[in-house]
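Throughout, read-outs are computed from the coordinates displayed, never taken from laboratory work. Predicted model only: the values in this text are computed from it and were never measured. Glycine also receives a Cβ, built like all others from the backbone with ideal geometry; neighbour counts cover every protein chain displayed.
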Amino acid sequence: MVHPSTVPITVTAGSRGLANVRQRSLLVAKLRTLWVLGLFLLVGLLAFLRIVYLGLTGPSPREVSLNDLLTPQRGEIVDRNGAPLARDFRVYSLWFNPKAMTEGSPLIHSPAEIAAGLARIFPDIDQAEIIAKLKAGKPGYLRKSLLPEEANRVHELGEPALEFPLETTRYYPQGSLAAHVLGYVDSYGHGKVGMEEYYDKELASPEGRAKPSVISIDFRVQSALEDELAKGIELSNAKGAAGVILDVDTGEVLALASLPSFDPNHVKPNDMVVTPEEAKMGEVPRGFNRATNQVYELGSTFKPITVAAAIDAGVITDLSRRWSAKPFKMGRFTIKDMHSMGATLNVEETLIHSSNVVTAQIADELGGVKLKKTMENLGMNARPSIELPARGMPIWPSGVWPRLRTMTVSYGHGLAVTPLHLAEAYAALVNGGIWRPATLRKLSPSEVPQGRRVFSAATSARIRQLLRMIVLYGTGRKGDAPGFRIGGKTGSAEKPGVGGYRHHALISTFASAFPMDRPRYVVIAMMDEPQGTAATSYQRTAAWNAAPVVARVVPRIGPLLGIMPDETRDIDISDLKNLVPQETSEDPE
């Protein structure tokens, strides 16, 4: 029998133990709840403070929308009149996704059927390449830059593995126009070759993305130049061509062309490189800029520069003075003209008929030091000053020029420069004697560089008369356009090759300016290896292929630039006309 005194003690102790356990459990639960609530309150407080901070110091929703949503990833490039030349554009791409179908084959149709269907939509597509990509079973692009209607037609093929991601791409609305000026953007978003490379950081910056980058090119003028150069290539069966149109008072380039060109919307690997075999044959890729990157001996276009230097130096003081036109020996070489031009020639006749013999004698009297200094002042000993990355280094004879070198340089041999160098030099010849660097930036009046004086204003005025006479009476006659008062000089030079000059490969150039009574623009047209065709009377020289290009370009661009044809006015050459027999020249220069 249990003793009654022990029962209350046992019950009481158990009740107290249970009560203590429950109290401790409740206390722990309350503490945990308080910790959780406190943590939530702390997180909420931090979030509130962050919102307040961003509201006071961060960008507004409006600013975020403009900068991140509406502003393109890369800034726009426009011409001098605001016409778009390069901009970002949202386009569809054609992507092969082999995992589009979770079960079975990744393709409903066979690769050959899909390739055939795509060929019906894109005739230029390589079916064999598409079949190979589909059979490989690896995801990747099949084509970029699809129009919406093209994407719809691909969708109608009923192939789930063909997807259409919407992407931002660089778009050139003018196609291949001014491709060498603009360049292109690679798959990593970096600018290559042209102004895309020069302005790369600026175009990707917040400021550059928000505001267009304006260049000096006028796409209307550029279009006319490229069109007429292409026509010149076709008529003369030339390998290529280059051209420059330059404002003589500012140095702004209104057009710069190199043909054949490429499409920056669809750059192909062979647009930028050639095979070793092609390089040995003298071929250059389409992306190579003949106007700024290739140097040439530009032949007789140098003769007005030599005459200007001689007038400035006092070597020529009387334009009626006559020099012997007979060939003469200089060391092992004989300096001669392509055909006899008579016993003697004055300066006017020398330029009109393009005499190497008399030009060489004038340079000999001038001296190598002064002629070399003139060429240096015209920038012909350095790369062209243009903003483009592709700028050729002239082949520049260093040291003291001996007599023979001085003579050959005077008529455009032994010194190789780019067509852009020639454009800058002719601007200085006709604008009053001031050389200014060429630029692809549109300049305000306050930004026009002062330049450096190379020729006196009087010499420049005289050269304007002489250049006009060459077009009226001499080798530049086919470069004239009624009412536009064009003046200029032809030049044809053999291209160098292995073991000497290639006698059947010419560079034909016409360097000109208009209107000569108040020159505003220089126009350079150069044909690379033109052939004698029926259209050029079976002649290969500049008078028959490069000069006609200028004659067609100027009437197209003159009115666009505010220069209307006017046959009632011209530069006054009355004081020189009596020094030239009134006959035309059929000289092939």
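Worth pointing out:
- Charge dipole (debye, nearest 20) of the chain; +1 at Cβ of Lys and Arg, -1 at Cβ of Asp and Glu: 1980
- At most 12 other Cβ within 10 Å, DSSP loop - GluC sites (Glu not before Pro), the range 256-329: none
- The helix-based estimate of mean residue ellipticity at 222 nm for the chain, built from -39,500 (n - 2.57) per DSSP H run of four or more residues and divided by its residue count, is -11500 deg cm²/dmol to the nearest 500.
- Cα-centre dipole for the range 322-430 with unit charges at Cβ (Lys and Arg positive, Asp and Glu negative), debye to 20: 460
- Neighbour-limited loop hits for trypsin sites (Lys or Arg not before Pro), the range 470-574 (at most 13 other Cβ within 10 Å; DSSP other than H, G, I, E, B): Arg569
- Entry for the range 180-321 at q = 0.08 Å⁻¹: log10 I(q)/I(0) = -0.33, Debye formula applied to identical alpha-carbon scatterers, no solvent contribution.
- Table column - 3J(HN,Hα) (Hz), the range 202-212, Karplus curve with 6.51, -1.76, 1.60, x for Gly and Pro: 5, 5, 8, 7, x, 5, x, 6, 8, 10, x
- When each of Lys99/Lys268; Lys192/Lys495; Lys133/Lys268; Lys326/Lys372; Lys372/Lys489 is checked by Cα-Cα distance, pairs over 24 Å: Lys99/Lys268; Lys192/Lys495; Lys326/Lys372
- Residues whose placed amide H lies under 5 Å from that of Ala481, excluding near-sequence neighbours: Ile486
- Charge tally around Gly314: other residues with Cβ under 14 Å, Lys/Arg +1 each, Asp/Glu -1 each, net 0.
- Close amide-amide hydrogen proximity is noted between Ala416 and Ile395, each under 5 Å apart and 5 or more residues distant or on a separate chain (H modeled in the peptide plane; Pro and chain starts excluded).
- Exposed chymotrypsin sites (Phe, Trp or Tyr not before Pro) absent - longest run of the chain, DSSP non-H/G/I/E/B, at most 14 other C-beta within 10 Å: 189-537
- Percent RCO, i.e. relative contact order, over the chain, from Cα pairs under 8 Å lying at least 6 residues apart: 14
- Evaluating 6.51 cos²θ - 1.76 cosθ + 1.60 at θ = phi - 60° for every residue in the range 243-251, the Karplus couplings come out as x, 9, 10, 10, 6, 6, 9, 10, x Hz, glycine and proline recorded as x.
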